[in-house]
1. Where does each of Trp163, Trp281, Trp119 land when they are ranked from fewest to most other beta-carbon atoms within 10 angstrom?
2. For region 244-277 and region 210-225, what is the centre-to-centre distance using only Cα atoms, to the nearest Å?
3. Which value in Å does the Kirkwood hydrodynamic radius of region 119-174 take, with 1/r averaged over all unlike C-alpha pairs and then inverted?
4. I need the calculated FRET efficiency for the pair Phe233 and Glu117, taking r as the beta carbon distance and R₀ as 22 Å, to the nearest 0.05.
5. Quickly rank 236-243, 151-158 as a protection proxy: mean count of other C-beta atoms within 10 Å, highest first.
6. Where the centre of each part is set by its Cα atoms, how far does region 78-103 sit from region 131-165, in angstrom?
7. Excluding Trp163 itself, what net charge comes from residues whose Cβ is under 13 Å from its Cβ, given Lys and Arg +1 and Asp and Glu -1?
8. Ranked from highest to lowest mean number of other Cβ atoms within 10 Å per residue, what is the order of the peptides 218-228, 262-272?
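Computed from the coordinates by the stated procedures, all read-outs in this text should not be read as laboratory data. All figures in this text were calculated on a predicted structure; none of them were measured in a lab. Quick reminder, even Gly has a Cβ in these numbers, built from the backbone with ideal geometry, and neighbours come from all protein chains shown.
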Amino acid sequence: MTALALSLVGAYGVYLVYTALAFGWRGLGVSPAVSSAVARRRRRVELEQWLAQAGLDGVRPSQFFAAVGLIFVVAVALAFALLGAILPALAVGGFAATYPAVSYRARRRRRRQTTAEAWPRMIEEMALLTGSLGRSIPQALFEVGARGPVEMRPAFSAAHREWMLTTDFARTVGVLKARLADVTADVACETLLVAQEIGGADLERRLAALVDDRAADVQGRKDALAEQAGVRFARKFVLIVPAGMALAGLSIGNGRAAFQTAAGQVAALVAVLVVVGCWLWSGRIMRLPDEERVFG
């Protein structure tokens with residue numbers, strides 16, 4: 001057994017020496033690790049994009065985490081005052097701290113649904129303006145955006161301002177894509193950018209095909225959400241029923257004192273974790289897949 005262990009250690013040492021000389025790898029891992037600074041930057045960009053999709057592109061990640069921390073502290077204090085037990089209070093606080101993320105995700109879903117439903121009409125209008133009415137592509141884009149949904153107008157205003165300052169359509173659509181952070185916006189902007197840069201008489205046909213594709217996607221998601229409506233309503237009882245039973249137990253006999261015992265705290269902690277696990281699992285299996293941004 002010792003000989004085998006020494007052989008494995010020796011072989012791994014040879015591997016480290018070879019990869020250091022041949023590839024310039026450093027460290028004890030089997031492959032070069034991604035720089036922590038690069039990883040942090042990537043996570044920050046993903047979070048900023050997530051906030052932008054929720055219509056909160058003015059909110060910094062530090063503000064988001066500050067809200068999470070504040071809700072955690074307040075929820076722990078309230079749960080401890082109610083139950084008099086620290087373990088269940090910490091579990092309740094941890095679950096309550098997910099509220100900003102859940103709230104922003106719901107807002108993001110509603111905003112993306114609104115924009116997804118609006119894009120087919122907006123693309124049809126752009127095709128009409130650039131075709132029959134002879135508008136330039138940037139002019140058609142900004143006219144349509146000014147009449148679009150309220151949630152989308154700030155992004156179009158920022159893009160229009162960029163166009164007025166630079167007259168660089170590539171930078172303009174880059175601003176629009178960054179502010180909207182939406183798959184359909186990416187595709188529509190890239191289609192318009194290509195038409196603006198290289199021209200072509202088939203822009204109307206391309207936009208018509210894009211309208212058909214987006215309309216089919218919107219209808220499919222509407223059908224899926226309609227079929228899930230009853231299940232989503234029933235999911236709320238995963239939280240309501242256990243919370244109601246716990247509150248009722250506090251008012252019966254020495255219910256509050258039972259939570260303060262070691263066994264009571266462990267039982268309450270396990271119950272909270274089970275409820276939270278069921279809530280998260282049920283939400284995960286009902287989540288509709290998001291389209292990946294290719295031109296983001």
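1. Trp281, Trp163, Trp119
2. 45
3. Numbers: mean 1/r = 0.0878 Å⁻¹.
For region 119-174, inverting the mean 1/r across all distinct Cα pairs yields 11.4 Å.
4. Taking R0 as 22 Å, the efficiency between Phe233 and Glu117 is 0.45.
5. Most protected by this proxy first, the peptides run 151-158, 236-243.
6. Result: 45 Å between the Cα centres.
7. -1
8. 262-272, 218-228
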